[in-house]
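*Asks:* A single structure is presented below for examination.
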Amino acid sequence: MEFRNAIHRAWTQHLEISDTIRLYDECLNKVINNTPDCQKLMSLKGVGIINAINLYNMLACSNDCVFNNARDAAACIGLTPIQHSSGGKTKLGSIGNNR
């Protein structure tokens, strides 16, 4: 009988956690649906709902300048300088997207 009660409690907790996750997902989807910039960010390879919202907050919503230049902002979202190396010399080119 104790085992049955333990299983019942575990099942009840599972249902509560699943419901909480569903509510969080609904809230995140509302933010995405009401923010066209987040939808654009989600079109980038590897950017999901949470990353899109975080990037939007970092890049678009801040009154304070978080980044000193575009290169710093590009590094934040995963774009890196293109590297050209030859004969022991390393040159960093423009910002590129590794797709």
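*Asks:* Please enumerate the residues belonging to segment 1-34 that are over 19 Å from Asn57 (Cα atoms) and either among the aromatic types (Phe, Trp, Tyr) or in a loop (DSSP other than H, G, I, E, B) (or both).
*Replies:* Met1, Phe3, Trp11
*Asks:* What are the residue pairs meeting all of these: first residue in segment 35-54, first residue part of a loop (DSSP other than H, G, I, E, B), second residue among the β-branched types (Val, Ile, Thr), Cβ atoms under 9 Å, and 6 or more apart or on different chains?
*Replies:* Thr35/Ile53; Leu44/Ile77; Val47/Ile77
*Asks:* Go through segment 55-66 and give me each residue that's loosely packed, with under 15 Cβ neighbours inside 10 Å and modelled with pLDDT of 70 or more.
*Replies:* Kept after step one, since they are loosely packed, with under 15 Cβ neighbours inside 10 Å, are these residues of segment 55-66: 57-58, 60-66.
Listed by number, the residues that qualify are Asn57, Met58, Ala60.
The values are calculated or read from the model by the stated rules, or taken from the named source; none is laboratory data. Remember, predicted model here, so these are calculated numbers, not experimental data. Cβ sites come from the backbone with ideal geometry, for glycine too, and all protein chains shown count toward neighbours.
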